[in-house]
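The next block holds one structure in the form of structure tokens; read it before the comments.
The values are calculated or read from the model by the stated rules, or taken from the named source; none is laboratory data. All values reported here derive from a predicted model rather than from experimental measurement. Here the Cβ positions follow ideal geometry from the backbone for every residue, glycine too, while neighbour counts run over all protein chains shown. Areas reflect the complete protein model, heavy atoms only, side chains present, ligands, DNA and RNA absent. Shrake-Rupley method; radii C 1.70, N 1.55, O 1.52, S 1.80 Å.
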Amino acid sequence: MRYRIRHSLHYTYPQPVQLSPQVVRLHPRSDCAQAVECYELQIDPPPQRLYSNIALDGSTETILLPPAGITALYLQMETVVRTYRDNPFDFLLEPWAVTLPLEYPHRLRQELQPYLATEPPDPAAIALAQELWLASDAQVVPFLWRLNQTIHDKCTHIIRPTGAAWPAGLTWQRREGACRDLTMLFIAVCRAMGLAARFVSGYHEGDPSWPHRHLHAWAEVYLPGAGWRGYDPTHGLAVNDRYVALTARPYPQDTLPLTGQVLTPGVTGELTYNIAITPVSAA
């Protein structure tokens, strides 16, 4: 597939403000699953300086230094991305990595440590993990399929434009959540079974007739022999060529499209945004 994506962010402030350096995460990844054909970032007012960095996950982050005394900040990203993963199940697991709980070899476990449980797992995540472990006969791939479908079937997807992701137990108790809430529930259950999992921010093709598009979120699980593989509990799908990833980190707050501070005391900004995703014919 091939997509043209336009994503704009417009921040307004009630008085002139000073902003800290802002981290922009709007550059799609380039890897074996997708390739960026072109990319343009427009910023108004023009920044004092602009830096491009390689983030921890290998994605591109842009650091911008806004001018002083601004009352608005506008960013627009436009890109064309080609995606390749038409069959998300085209992989072969290592023989030792087909049953749960998964025990990564020591050296690999050290590399994956940020994506494993760093604190006691949520009791609700443990209970759900044990239930699905029994139902899937401790097999990794059936477990992930059942987990994805269970969250999709039993939880209602809601829109929450702002706010941190809910704890896994709260999402499961309410049986509802935004895509980031459902994703963090999926990740918590994976980590309870010893599976390394991370949070992905990006775009899903969705229904072109939707009047309002939103940034999407899903999970990636590290499967030895298959690498990072995506699962989207919001739609109950394994991630395929209808998805475009921006960045992937252990926790959602590190994948926001723009992060930074308002240094002027007592002032907060207001955000409006617009996202357009258009399939385009192959060149």
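Leaving out ligands and nucleic acids, note down the accessible area per residue over segment 1-40 with a 1.4 angstrom probe, in whole Å².
Computed with neighbouring chains in place, this is 44 Å² per residue.
Give the carbon-plus-sulfur fraction of the accessible surface of the chain in %, rounded to a whole number; probe 1.4 Å, heavy atoms of protein chains only.
53 percent
Roughly how many debye, to the nearest 20, is the charge dipole of segment 115-259 about its Cα centre, given +1 on each Lys and Arg Cβ, -1 on each Asp and Glu Cβ, and no other charges?
160 debye
Using protein chains only and a probe of 1.4 angstrom, how many square angstrom of Leu92 are accessible, to the nearest 10?
140 Å²
Once you have a ≥ b ≥ c as the square roots of the Cα gyration tensor eigenvalues for segment 53-107, tell me rounded if a/c is under 1.5, and otherwise prolate or oblate according to whether a/b is larger than b/c.
prolate
Which ³J(HN,Hα) values in Hz, rounded to whole numbers, follow from the phi angles of segment 273-281 under the Karplus curve 6.51 cos²θ - 1.76 cosθ + 1.60, where θ = phi - 60° and Gly and Pro get x?
Result, rounded to whole Hz: 8, 8, 10, 10, 10, 10, x, 10, 5.
Using only Cα atoms, what is the ratio of the radius of gyration of the chain to 2.2 N^0.38 Å?
1.04
Given contacts defined as C-alpha pairs under 8 Å and at least six residues apart, what's the relative contact order of the chain, whole-number percent?
29 percent
Give me the accessible area of His214, 1.4 Å probe, in Å² rounded to the nearest 10.
For His214, solvent-accessible area is about 70 Å².
How many angstrom lie between the Cα centre of segment 167-232 and the Cα centre of segment 46-89?
Cα centres, segment 167-232 to segment 46-89: 22 Å.
Rounded to the nearest 500, what is the 222 nm mean residue ellipticity of the chain from helices alone, with -39500 (n - 2.57) per DSSP H run of 4+ residues and division by all residues?
That comes out to -6000 deg cm²/dmol.
How much of Glu78 can a 1.4 Å solvent probe reach, expressed as accessible area in Å² and rounded to 10?
Its accessible surface works out to 50 Å², give or take rounding.
Provide the percentage of antiparallel DSSP beta bridges, counting only those with both residues in segment 50-202; round to the nearest 5.
75 percent
When ranked by the protection proxy of mean other Cβ atoms within 10 Å per residue, highest first, what sequence do the peptides 182-190, 42-50, 156-164, 232-240 form?
Result, highest mean first: 182-190, 232-240, 42-50, 156-164.
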